[in-house]
Amino acid sequence: MLSCSHHREAARGVRGAARRGRFPEALDLGLALLTRHPNADVCGCRFAADLLPLANAAELPGLGEPLFDVVAAIEGAGTLTGKIRSLTRASALSSARNPAEELDETDFDLVRTRWLPGRHHRIAVVELRLRRGEHDTDVTVARKLGKGVLRRTGRARALHAAVGCGLALLEHGRPDDGHALLRAAARALERDRRVRALVKQPDPPPTRSVVAATSRWAWARAVIALSDVDSEEPLAVARLSAAADYFMSVGYPLGAAEANVGLAVVHAARGDKEATVRAAKAALSFVERRFAAIGDDTLVARWRAAAWRARDLGRSAATDQADVRLFFDYDGGYDWLGARAEIDGGLDASAEPLRSLFRDPHTGTTYSDMLRRAMRLLVHAGTGGPLARELVARERGNLAAGGDGVWLGRALACLAELHVRRGDVTPAIAAAREAREVMHALERPEARAEADHELQVLLDLLLDQGHWAQALRLAVAFRAVDPARYDPLDVVRTRAARRNRPDVAEEVAACSVELARARAREDGDAEPVAQALWSWGIARDAVRAGSGAPAFAEAVEVAEALVADGSGRHLGTVVRARTELALHQERTARPGGARIGLNRLWVEVCVDGEIALDHVGALIGLVEAVIGVHTSARTKVDVLVPAAGRLLALLVDAGERPSEWAVRKLIGWTEALRELGAAAEAAELGVGVVGLRGLEVGEQVTARVELATTLRELDDLAGARRWADEAVELDPASLSALWASGLLHLDAGEPAAACGVLDRAVELELRGWAFGLRGLANLRLDRVDAAIEDLEVAVRLLPDSVMAVATAARAYRRAGAPEWALAVLAGRGAATSSDPWLRYQFGLAVAEIEGSAEAGQYFRDAWELGSAPVETVGAYWRRADPSLGMFLLALGAEDEAVAEFERVAQAGMRRGLVRELAEDLAELAGALPERAEGAARLVALLPGGDGV
């Protein structure tokens, strides 16, 4: 075995390494020998066949197929018998890594009849059938292995096959059978003194035969696989330590790492943290430098599994800060490859024998597959440069020979990513450009999509590493033909805004301007130039205030040139450009100029209440700008009403699903109109929004809730209930819909029904609003304890909510615990709050405990805060204004309180507010009995005369 008549000395070195169990070294030497061997020679083919069992034992299945092709290279010449082929197949059986589906029954007949003496063939057939799932395991076969086999080597090979079978069972999800078979095989192998020496002797002698060395390998693999289930075994630590030392001595780092992981598992199960950390650190100290291993997905998966498990075991057991940092910083996906500086040379040297040996088309394809798999791994570790360049060269040759260009595109993309990870952006862009050209030249949609995806990966990688200038270069070089689908410049702009890099955003905007100008020279459309210019102006203002003025001025100039023909087709662009110019003036502390410019623009756009502008974005931008520079509520209403009507008409005329952004703005304008006192106009707009076609369910719910809220303000409870019920029906899990429905039940004097609705809301939310409303409903039902329970949750979740804090204080006072009311109010800063209602509530709590004299200052504060002049429109100055009369009454100014209530009552009140005011006055009379008569006078002024 392993003899060669051409290279005797080299073959002797291979045999020596194999007999000592140094299978990786023997393979490297053997492959080097084959590269120097004459082609199509029986001697070389036999030598390749002898290397196959070593490849299987060393768990390098990627070498199996190429070696077999070398073995079978001259079979057609008639000089090679079936003996070598059957030996090749027999050796494949002993490896759990070769797919069983590649072997057929003919192979087993060949193995059984020619090369497996006695009962040896039975375990081989059992292994195949087990791995195919054809029948259950007969564990007794493992216990009887070798009985009746006269030759020692036959028994040993049967045990080797049993270990392979047990590992295969574990891989196929049959741990009980697999562990039983491995345990039996391991114990049988330990009867061999050469295997037993690993455990019994501190410095075991090297083996002198390949069979003995393979027995040690098989035993060590079995011991490692049993570490999860044999942690309580007395000799578990000794066996795993022996396996780790053995694999380390024979140059098999993966086995040594897995053995140390097994040791860490056993120590962790026994509670020995120090030993666990020591074993885990040892497992992480090994690195892989064999190209054949890195080019095999199965071995890569085993390396990662070992590294991640060692890291996790170390993290759970480490106490020393240095160890904790080591385990938490370790990247189990790539760190087992070692230091970057040491990887390239070692891998390139390891690949050299394969590169030289596998030259014919079939084996060359196999080597290329290994190279591709290796580079998928190495590129993420930022290494493998020589192999990446070799892969590109091979794929170029394949393409020239008529191969698929997609492989060249992928190889170039891999090379580009590697350059980026190493900081070499210029060659990365060149490789990415060629990859994109190759993939697009294939004219296959999937190839184009893959090229675009690779571009996104590369751009994201540059941005993640902070290479802003290089990312911008890449984005400019590969700007998508269809920016609406994927625009690299927009990706850079968004990421720069997220990372607070206005300088980068300004560079992106400047590049966009140049690209827009270049495109305008080709197609004559200058509209994108104007858009790019005002975006550039915004970006420049973000870098230095006022520096965007030239860009805005040019944007207006370009936009106005577009409408010189009087067609009005580009009116939206003009409006947007002038709007952005005005906003620029406002940002540069020239609000007067901005207001004048926007007013003039609005007058031009809105003539006699009619707006001719048909550009949604320009209309929204102009309206937002105008209402932003004005403080007069009346002016804002005068702008919003016609603008909202025009926007609604544009969305209706579109005839397709409205823009989510535009719908959101329209709903926001509805709310703004209601808050500005124009509830009737808001309701009319809300009805229109609800009637829009193509809205998403969430938009429909929001529109209906907003309309219900507006109708509640108009005291149309029936209409409000209708829309709120529709919202709940559309989405029973919508919190806003449930809140609105519960609030309307409270307004209608139906606290029990409100509790029923709010019970569902409480199950869905964690923010507290539903708890606050349900607490109010329970308080109106005189369920004070339940109300306090809900309101305590609401106050905890919403500490800044005036409603929650004030209602909780009321509940405590209702329960006869004014000191708790005072405590909850004080805890939320009510004594110094800028909210008049909280100051008033604090005064009531103080009055109940210490008397009205001590509370007078807080009532006075509430009046001063609440009566501060503000500019408003509509029936009410603000939501707290109806309470001004109560503040005055609490101060003892009964006549002034009556006058204030008469003024507010004449303006009209919704029924819900009447009920709330009646409750507030009853609360005032209870806390300040001397004010009870005045409270009764105020109640009489409310619509209905009794507050209901």
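Descriptive notes on the structure:
- Positive contributions from Lys and Arg (+1) and negative ones from Asp and Glu (-1), summed over other residues with Cβ under 9 Å from the Cβ of Ala683, come out at -3.
- Within region 711-746: backbone nitrogen closer than 19 Å to the Val697 label point (7 Å, Cα to C-beta): 723-741
- Protection proxy ranking for 662-669, 848-855, 516-523, using the average of other Cβ atoms within 10 Å per residue and placing the highest first: 662-669, 848-855, 516-523.
- Taking the average, over residues, of other Cβ atoms within 10 Å as the packing measure, peptides 319-329, 819-829, 616-626 rank 616-626, 819-829, 319-329 from highest down.
- Solvent exposure of region 695-766 as accessible area per residue, Å², 1.4 Å probe: 40 Å²
- Computed lengthening from Ala815 to Thr298, 0.36 nm per intervening residue step minus Cα-Cα distance: 179.0 nm
- For region 718-873, the Kirkwood hydrodynamic radius from C-alpha pairs, put into Stokes-Einstein at 10 °C and a viscosity of 1.306 mPa s, yields a diffusion coefficient of 96 µm² per second.
- With all protein chains in place and a 1.4 Å probe, the accessible surface of region 512-667 carries 51 percent carbon and sulfur.
- A 1.4 Å probe run over region 426-507, with the rest of the protein chains in place, finds 51 Å² accessible per residue.
- Shape category assigned to region 744-798 from the gyration tensor of Cα positions, a/c cut at 1.5: oblate
- Mean projection of the Cα convex hull over all viewing directions, computed for region 814-941: 7.6 nm².
- Cβ-derived FRET efficiency at R0 60 Å, Thr588 paired with His440, nearest 0.05: 0.85
- Here the gap between Cys43 and Glu765, fully extended at 0.36 nm per residue and compared with their Cα-Cα distance, gives a gain of 252.1 nm.
- Share of carbon and sulfur in the accessible heavy-atom surface of region 814-941 [1.4 Å probe, %]: 50 percent
- A protection proxy built from the mean count of other Cβ atoms within 10 Å ranks the segments 927-935, 635-643, most packed first, as 635-643, 927-935.
- Theoretical FRET efficiency, 1/(1+(r/R0)^6), r = Cβ-Cβ of Asp614 and Thr635, R0 30 Å, to 0.05: 0.80
- As a calculated quantity, the FRET efficiency between Ala393 and Glu527 at R0 = 60 Å, using C-beta atoms, amounts to about 0.80.
- Binned Cα-Cα distances of region 467-552, short to long, each 10 Å bin given as a whole percent: 19, 49, 29, 3
- Cβ-defined net charge surrounding Ala401, 12 Å radius [Lys, Arg +1; Asp, Glu -1]: 0
- The aspartates and glutamates within cross-link reach of Lys200, meaning a Cα-to-Cα straight distance under 18 Å and a gap of 8 or more places when in the same chain, are Glu190, Asp192, Glu233, Asp245.
- Taking the square roots of five times each eigenvalue of the Cα gyration tensor of region 369-486, the equivalent ellipsoid has semi-axes of 22, 19, 11 Å, listed largest first.
- q = 0.14 Å⁻¹: log10 I(q)/I(0) that the Debye formula gives for region 164-318, counting C-alpha atoms only: -0.68
- Of the accessible area of region 369-486, computed with a 1.4 Å probe over protein heavy atoms only, carbon and sulfur atoms account for 52 percent.
- What region 814-941 shows is 45 Å² of accessible area per residue, with the surface traced by a 1.4 Å probe over protein heavy atoms.
- In this simple spin-label approximation, Glu514 and Asn500 carry label points 7 Å from Cα along the Cα→Cβ vector, and these lie 2.9 nm apart.
- Percent of alpha-carbon pairs separated by more than 27 Å within region 625-782: 29 percent
- Taking the C-alpha atoms of region 598-667, convex hull volume expressed per residue in Å³: 82 Å³
The values are calculated or read from the model by the stated rules, or taken from the named source; none is laboratory data. Just so we're clear, the structure is a prediction, and the values are computed from it rather than from any experiment. Glycine gets a Cβ as well: all are built from the backbone with ideal geometry, and neighbour counts include every protein chain shown. Surface areas here come from the heavy atoms of the whole protein model, side chains and all, with no ligands, DNA or RNA. Shrake-Rupley method; radii C 1.70, N 1.55, O 1.52, S 1.80 Å.
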